[in-house]
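Participant: A single structure is presented below for examination.
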Amino acid sequence: MRPLWRPVWAVLRKELVDGIRDRRSVMSALIPPLMWPLMIVLMLNFIAEKRRQADDIELPIVGARHAETLVDWLKQQRGVEVVDGPQDPYTAVRDGDVKFVIVIPEDYNELFAQSKAVEVELVIDRSDDDAGVFVRRARRLLSSYSGQIGMLRLVARGVSPAVAAPIRIDEVDVSSAQQRAAMVMAFLPMFLVLATFVGGMNIAIDTTAGERERGSLEPLLVNPAPRKSIVAGKWLASVVFAWVSVLLTFVLLQQAMERAPLESLGMRFQLDAGDVGALLAAVIPLAFLASGLQILVASFARSYKEAQTYVSFLIFVPMLPAFVMMFSPIDPQPWLAMIPLLGQHLLITEAMRGEPGSLLVSLGAGVTVTLSGLACVAVTTRLFQREKIIFGR
């Protein structure tokens, strides 16, 4: 075993030194972990700011004089300011001058006095995503007033309002603020998984296709060392860079979430030592598979740029389970954790919810991805026996 691991350590040390000196490898391991937390903080601050803006809302109303009672009620609501609407509400909304306009018909008082339904227009532009939160607030205000008037009309006729609503739904939310945060921020596991693929990507490319393009791969393989030791050293160098990227991503994401305005969104994000351990235990072994796949794919390329093209397609692989879980939630089962990538997403999500899975399941998931990475290394070792792979012809 000693002669086997001695060349592995020599190759690992050599590739790590070269990787640290290579600006591209360092940037690929450091830049994404720095950018992702910044994106999350900006996004959550944007959502919180939109919600605060919706709490203090201006209601542009056309024909306010036709519904003085409604307008007076709206003025009494918290954070509501009634303003005169534009002369041409449709053009104003279409041009983006206002987010929406409430148009009250001239026969409002007449129909209202006859206890008839009045059609109040809410002029909106559905293509304007920025206006959505304001439109929803305006719709809730009008619906609330309509419900109150409906109940008063029933009472005036000696009818209990309960007759119109035989079933009253009382929602009881048993989820914790931590669980709601994990549900909303389902993209966080994808960032951690992506870090394993992005962090060591340039090392995996440079130690295979890059060395072959520079002509340094052939002299390395001439050394009296087993091919599997050489491939293992390159693989582990990529794994180390992936680990650095994962740890940096996790630390910065945690710091970003602690500084994000989650309380204003009704959420809380706090991980104890057990949650952190379960999360890292789920994502750290994935670096073995990610680096193994990248070295295997890059071995088929004749140049560094060609390998970048091939390996870049692997970035979509960890995104697939994330999109599946975001749009079609999966009931977590222990056997699903044994599926590479999908199992990591499930385990990370459970840890973020404050419900880490069992140690046996996490251990099984880690062994699965590690063995998958070793299988990729074994295939790459066999490829390094071929003259076409070594010389690129």
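The values are calculated or read from the model by the stated rules, or taken from the named source; none is laboratory data. This is a predicted model, so every value here is computed, not measured. Please note: Cβ atoms are built from the backbone with ideal geometry, for glycine as well, and neighbour counts cover all protein chains shown. All accessible areas refer to the heavy atoms of the entire protein, side chains included, with ligands and DNA or RNA removed. Shrake-Rupley method; radii C 1.70, N 1.55, O 1.52, S 1.80 Å.
Participant: What number, in percent, do you get for the relative contact order of segment 1-160 if the mean sequence gap of Cα pairs under 8 Å and at least 6 apart is divided by its residue count? Spell out each step's value before the answer.
Facilitator: On the way: 133 pairs, mean separation 28.2, N = 160.
The value is 18 percent.
Participant: Still on this structure, I have one more. For GLN333 and ASP129, calculate 0.36 nm times their separation in residues minus their Cα-Cα distance, and state this gained length in nm to one decimal. Provide the component values of the computation, followed by the final result.
Facilitator: Numbers: separation 204, 0.36 × 204 = 73.44 nm, distance 3.71 nm.
Length gained, GLN333 through ASP129: 69.7 nm.
Participant: Heavy atoms only, probe 1.4 Å: what % of the accessible area of segment 47-114 goes to carbon and sulfur, would you let me know?
Facilitator: Values: 1730 of 4080 Å².
Result for segment 47-114: 42 percent of the exposed heavy-atom area is carbon or sulfur.
Participant: Could you calculate the contour length gain from ARG382 to VAL17, that is, 0.36 nm times the residue separation minus the distance between their Cα atoms, to one decimal place in nm? Let's see the in-between values first.
Facilitator: On the way: separation 365, 0.36 × 365 = 131.40 nm, distance 2.60 nm.
Between ARG382 and VAL17, full extension yields 128.8 nm more.
Participant: A further question follows. How high is the FRET efficiency between GLU110 and LEU360 when r is their beta carbon distance and R₀ equals 51 Å, given to the nearest 0.05?
Facilitator: Numbers: r = 73 Å, r/R0 = 1.43.
Approximately 0.10, to the nearest 0.05.
Participant: Arrange the residues TRP243, TRP5 by how much accessible surface each exposes, largest first, with a 1.4 angstrom probe.
Facilitator: On the way: TRP243 80, TRP5 140 Å².
Correct descending sequence by accessible area is TRP5, TRP243.
Participant: Note the full-extension length gain between SER303 and GLU121 as 0.36 nm times their separation in residues minus their Cα-Cα distance, in nm to one decimal. If you can, show how the numbers build up before the last one.
Facilitator: Values: separation 182, 0.36 × 182 = 65.52 nm, distance 6.30 nm.
Extra length from SER303 to GLU121 when fully extended: 59.2 nm.
Participant: Related question: Please list 3J(HN,Hα) in residue order for segment 241-249, calculated via the Karplus relation 6.51 cos²θ - 1.76 cosθ + 1.60 where θ = phi - 60°; whole Hz, with x for glycine and proline.
Facilitator: 5, 5, 4, 4, 5, 5, 5, 5, 4
Participant: Please give, to one decimal in nm, the separation of the simple spin-label points placed at GLU68 and LEU142, each 7 Å out from Cα toward the Cβ.
Facilitator: A separation of 2.3 nm, rounded to one decimal place.
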